[in-house]
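Below you'll find the structure, written out as structure tokens, and then a few comments.
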């Protein structure tokens, strides 16, 4: 049976677009798995993310990043062989518009990758990730930044199935092998909580946000952390 991972191993990705690329984590994921590529372009609206992306891939001249809104791309129709969006569906003010734009710039028969963590059917350590993400989403929302809570697996399936893609293959992936109370990971998460607590001063709902943050801080120490399970879908544009 063909899986998303088996498809990646033999994939000649051609010219690739990674929408809402952030620091380029999904690009790294692809580089570890795909057979080959011609060029990879990441786009994002966050200049700090673009700087981090550029630093991460400075030794790879065929990989670069540009400042661009995924809702309104400057690329011509059918100008990419593969398009990707990872852990960003819940960040989009108009998700339908983003997916339509991605299909527009993808050639017929091209590969469409969607990867997204979901919130249901997670272990207790994975729920630390989900709850952390939802708290950060609430803080961003209070600051006027679009950031929704993560979807359920079924909601992600519904989004993908309505996208008009064909030959869709799905994979669920998680990694529970790491120590959930790894000292370095725990310290990093506590630092994230402490830094975020400073951002909520003066915001609407500050008391509730602060209480949630402190509960998360304690949860990280007592229960630990694993990354939430993600759904990876690979489909084709008709």
Response to the item:
Only helices counted: for the chain, with every DSSP H run of 4 or more residues adding -39500 (n - 2.57) and the sum spread over all residues, [θ] at 222 nm is -12500 deg cm²/dmol
Worksheet item: How much length is gained if the chain between residue 152 and residue 179 is pulled fully straight, taking 0.36 nm per residue apart and subtracting their Cα-Cα distance, in nm to one decimal?
Response: 7.2 nm
Item to complete: Between residue 60 and residue 5, take the C-beta separation as r, use R0 = 22 Å, and let me know the FRET efficiency to the nearest 0.05.
Response: 0.45
Worksheet item: Rg to Rh for the stretch 113-216: what is it, with Cα atoms only and Rh by Kirkwood?
Response: 1.03
Item to complete: Of the DSSP beta bridges with both residues in the chain, give the percent that are antiparallel, rounding to the nearest 5.
Response: 40 percent
Practice prompt. Measure nothing but the geometry: give the 0 to 90° angle between the long axis through the Cα atoms of 95-105 and the longest principal axis through the Cα atoms of the chain, rounded to 10°.
Written response: 30 degrees
Item to complete: Can you tell me which of 90-98, 103-111 comes out highest on packing, and rank the rest after it, using the mean Cβ neighbours within 10 Å?
Response: 103-111, 90-98
Practice prompt. Sorted from largest down, give the three principal axis spans of the alpha carbons of the stretch 1-85, whole angstrom values.
Written response: 41, 29, 20
Worksheet item: Could you give the nm distance between label points at residue 201 and residue 104, where each point is 7 Å from its Cα heading toward the beta carbon?
Response: 4.3 nm
Discussion item. Along its three principal axes, how long is the chain when you only count alpha carbons? Whole Å, largest extent first please.
Written reply: 50, 39, 38
Worksheet item: What angle do you read, to the nearest 10 degrees and between 0 and 90, between the alpha-carbon axis of helix 124-142 and the longest principal axis of the chain?
Response: 90 degrees
Worksheet item: Taking 0.36 nm per residue of separation and subtracting the Cα-Cα distance, what length does fully extending residue 69 through residue 190 add?
Response: 40.4 nm
Practice prompt. Calculate how steeply helix 183-199 sits against the longest principal axis of the alpha-carbon atoms of the chain, using the helix alpha-carbon long axis, and give the answer as 0 to 90 degrees to the nearest 10.
Written response: 80 degrees
Item to complete: Report the dimensions of the stretch 90-164 along its three principal axes from the alpha-carbon atoms, largest first, rounded to Å.
Response: 41, 30, 15
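Taken together, the values in this text are just the output of simple stated rules run on the coordinates, not laboratory data. This is a predicted model, so every value here is computed, not measured. Neighbour counts run over all protein chains shown; Cβ positions are idealised from the backbone, glycine included.
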